[in-house]
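Here, each number is a calculation from the coordinates, and none is a lab measurement. Given the structure is predicted, the values throughout are model-derived calculations rather than measurements. Ideal geometry is used to build each Cβ from the backbone, glycine not excepted, and the neighbour counts take in all protein chains shown.
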Amino acid sequence: MLTWLGRSFWQKLPRGRPPGDPTWASRHRTILLVLVGHVIVLPIYGLAQGISPGRCLLSVAPLALQAAIASSDHLGQRVRAGAATLGVMASSAVVVSFANGMTEAHFHFFVMLFVITLYQDWLTFLLAIAFVAFEHAIVGVFAPSDVYGHSAAAHDPVKYALIHAAYVTGAAIAAVANWRLTDRAESATRQLTEQLEYEVSHDPLTGALNRREFETRITDALTRVEETGATVVCVLDLDRFKIVNDTCGHPAGDRLLVEVCWMLSEVLDPDDTLARLGGDEFGLLIERPTVEEAVAMAEAACATLADYRFRAEERTFAAGASIGVLPLFGQVQYVEEALQLADAALYAAKEAGRGRVHVHHQGDAELNRRQSDSIWAGALLDALHEDRLVLVYQPIVPTAPAPDEIARIGEILVRLSEPDGALISPGIFFPAAERYDLLPALDRRVVAKALALLAAHYRPDEPTNGDLYTINLAGPSIGDETFLAFVHAQLAEHQVPPSLICFEITETVAITNLGIARRFITELRSTGCRFALDDFGSGLSSFAYLKNLPVDFLKIDGRFVRTISHDPVDRTMVAAVNQIGHEMGLRTVAEFVEDEETLAILREIGVDYGQGYGLGRPGPLTSWLADRRPPSGDGAARSTGTPAAVA
């Protein structure tokens, strides 16, 4: 029972943790100023009370000595605090002595007792209490007039020493209570601050560092890494995380992330950095004597995850991970660049087969291409936002034009206009658009812009004279259910005759999404739009799928066309595609027609149209539309230039 009471009493006492710098230094200066103030004021007070100058100086000298010790920066904190404590408590004794033991003067002890609690240190607090007890008990017996100001106390000093000790004890209890409350408040503030700091820098699910803190660590590493340093940034991505989420739900996926984080922390050294960057992506910052050792640690982490099996709902999953590694020996200057290159290395690891580590090296062609893709993706987003897409027109010419033919066919192509006016070919920015899922947005902008331009030239109630404009569509657009509604809305808004429009879909896209492509083509053809199957012949089962696609044109893959003048196999391929197309009632278009010899062979084979630099280079669509006037009823406009000349 006594042990329990003692333990309970001890737990209720303040912990006695001195405040750290600069709080302690600020409080110490305050107490020291109080002590120095007494050293200055007390002699004046003593002289006013009729005390001799010698006694005044002798009484104040110990206070000045304690002030000198307390102000010495060469001594430890507790020595300086102890000297200040003895000094201010002794100043109370001097005040009482100079006041001839006046009762009111004893309040000075209580005030100084509370002042000492600012240190929040049991050593100084107990030192203050001990001084008061000693001064009242000893001085009160041998020199009662210096402590007590009335005759009753002077005749019975022990009794009144006990009374004063009781008052000091009460003041001490009050000071301890105040100290305890202050200690609790500071402890709560400290815990809240630590909690906030933790939450700001850590992932709430796994407890690992978050992306913000990881970037801060990389920045710190970049400021101190040397040319021979061995610090590497790793970006790790789980290879089959989506399977777990889709099969067993997000709670199972969260548990997998926690276990992966735990395993990685077991593999890494305590000095290595582990962070969750988002989703199933983690970041590692590894420092070793050599780059090879740092990479070996990344490979060890990859191997550990490859062997790991995760169980959820009586199912077993092999997680596995791919890791991209970037050594920081002078390759980058900024954290964004470091993460970008490490991320590019990660994608290279995934494309190489997953479950492996790919290290970025200067001159890595594949990673440089990926970095270029990210730059062009940003440029394309800017161009979409600022409406800097330019449409151009390339004519599609009959291989054997009829004298009375007035219809003109051509393909609408897109260029990216730089802020300085330079035009960028789609071969530069299309890979970036494909990688970063920008093709649907690009297709929407091209369709809307093309229909707006055509609407300004072709009136709804005027004949189109058989003109046809082809527009390329990407696979993601075909698979987007909202894109079909978008095309319908654009046709209705601009009142463009659907017979003017022919959408091109590559053979690969059509074969990959055969059902979706068929529905898409069928619905738009019902409005009057036409369709062309682009790059036909590149697939292994082209002819087998062709009969399931209701298209109007076959565009023969230019890889076969450009060599038909000297490669009999390619010539046979072109002839076969042309024959099949005609058997199905389709018109054929040969791409990459670069010269008259190729055109003559296509004419001999019987291909209907040709397209290529040999027949007309792409030119501004606005210029073509301005020059291409709908002919009048007497056919006067039939003398307009050929598509090649106009384009």
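Considering all projection directions equally, how large on average is the shadow of the alpha-carbon convex hull of the chain, in square nanometres?
Details: hull surface 200.6 nm².
Answer in nm², one decimal: 50.1.
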- Relative to the present Cα-Cα distance, how much length would full extension add between LEU162 and GLU266 at 0.36 nm per residue of separation? 31.1 nm
- Item | Range of Cα positions in the stretch 199-283 per principal axis (Å), largest first | 47, 26, 19
- Message: How far apart, in nanometres, would the label points at ILE243 and THR290 be if each is projected 7 angstrom from Cα along the Cα-to-Cβ direction?
- Response: 3.7 nm
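Pairs of Cα atoms under 8 Å, at least six residues apart: use those to get the relative contact order of the stretch 461-598, whole percent.
On the way: 190 pairs, mean separation 26.6, N = 138.
After rounding, I find 19 percent.
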- Taking the chain as the reference, fit the longest principal axis to its C-alpha atoms, fit the long axis of helix 53-70 to the helix C-alpha atoms, and give the angle between the two in degrees, 0 to 90, nearest 10. 30 degrees
- Message: Taking the Cα of ALA188, stepping 7 Å toward and past its beta carbon, and measuring to each backbone N in the stretch 116-139: which are under 12 Å?
- Response: none
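Taking 8 Å as the Cα distance limit and 6 or more residues as the minimum spacing, I'd like the relative contact order of the stretch 232-347 as a percentage.
On the way: 166 pairs, mean separation 43.8, N = 116.
Taking the mean separation of contacting Cα pairs over the length of the stretch 232-347, I get 38 percent.
What FRET efficiency, computed as 1/(1 + (r/R0)^6) with R0 = 35 Å and r the Cβ-Cβ distance, is obtained for LEU514 and HIS582, rounded to the nearest 0.05?
Numbers: r = 23 Å, r/R0 = 0.65.
It comes to 0.95.
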- Message: Between helix 335-351 and the chain, what is the angle of the helix's C-alpha long axis to the longest principal axis, kept within 0 to 90° and rounded to the nearest 10?
- Response: 50 degrees
- Message: With only alpha-carbon atoms in the gyration tensor, what are the semi-axes of the equivalent ellipsoid for the stretch 190-247, in Å, largest first?
- Response: 27, 23, 6
- Query: Points 7 angstrom from Cα along the Cβ direction at ALA600 and GLU104: gap in nanometres?
  - Reply: 12.9 nm
- Using +1 at the Cβ of each Lys and Arg and -1 at the Cβ of each Asp and Glu in the chain, identify which of ILE505, VAL36, GLY581 lies farthest towards the dipole's positive end. VAL36
- Message: Under a crude label model (7 Å from the Cα following the beta-carbon direction), how far is ARG29 from ALA489 in nanometres?
- Response: 6.6 nm
- Item | Average Cα contact separation per residue, the chain, under 8 Å, 6 or more apart, as relative contact order % | 8 percent
- Item | Per-pair calculated FRET efficiency, R0 = 60 Å: GLU197 and LEU47 via Cβ, rounded to 0.05 | 0.60
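Which residues make up the longest stretch of the chain that has no GluC sites (Glu not before Pro) in a DSSP loop with at most 13 other Cβ atoms within 10 Å?
Result for the longest clean stretch: 406-647.
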- Return the sequence-ordered ³J(HN,Hα) values of the stretch 555-560 in whole Hz as given by the Karplus equation 6.51 cos²θ - 1.76 cosθ + 1.60 applied to θ = phi - 60°, using x for Gly and Pro. 9, 6, 3, x, 5, 7
- Quick one: which residues, 5 or more positions from THR399 or on another chain, have an amide H under 5 Å from its amide H? H modelled 1.01 Å from N in the peptide plane, none for Pro or chain starts. TYR609, GLY610
- Per the 1/(1 + (r/R0)^6) rule, R0 = 41 Å and r from the Cβ atoms of GLU481 and GLU351, FRET efficiency to 0.05 is 0.90
- Task: Report, to the nearest 10°, how far helix 596-605 tilts away from the longest principal axis of the Cα atoms in the chain, using its own Cα long axis and a range of 0 to 90°.
- Result: 70 degrees
- Task: Calculate, axis by axis, the spread of Cα positions in the stretch 388-646 along the three principal axes, and write the results as whole Å, longest axis first.
- Result: 47, 46, 41
- Task: For the stretch 211-362, go through all pairs of different Cα atoms, get the mean of 1/r, take its inverse, and jot down that Kirkwood value in Å.
- Result: 15.5 Å
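What trypsin sites (Lys or Arg not before Pro) in the stretch 534-624 are in a loop by DSSP, with at most 16 other Cβ atoms within 10 Å of the Cβ?
Listed in order of number, the matching sites are LYS547.
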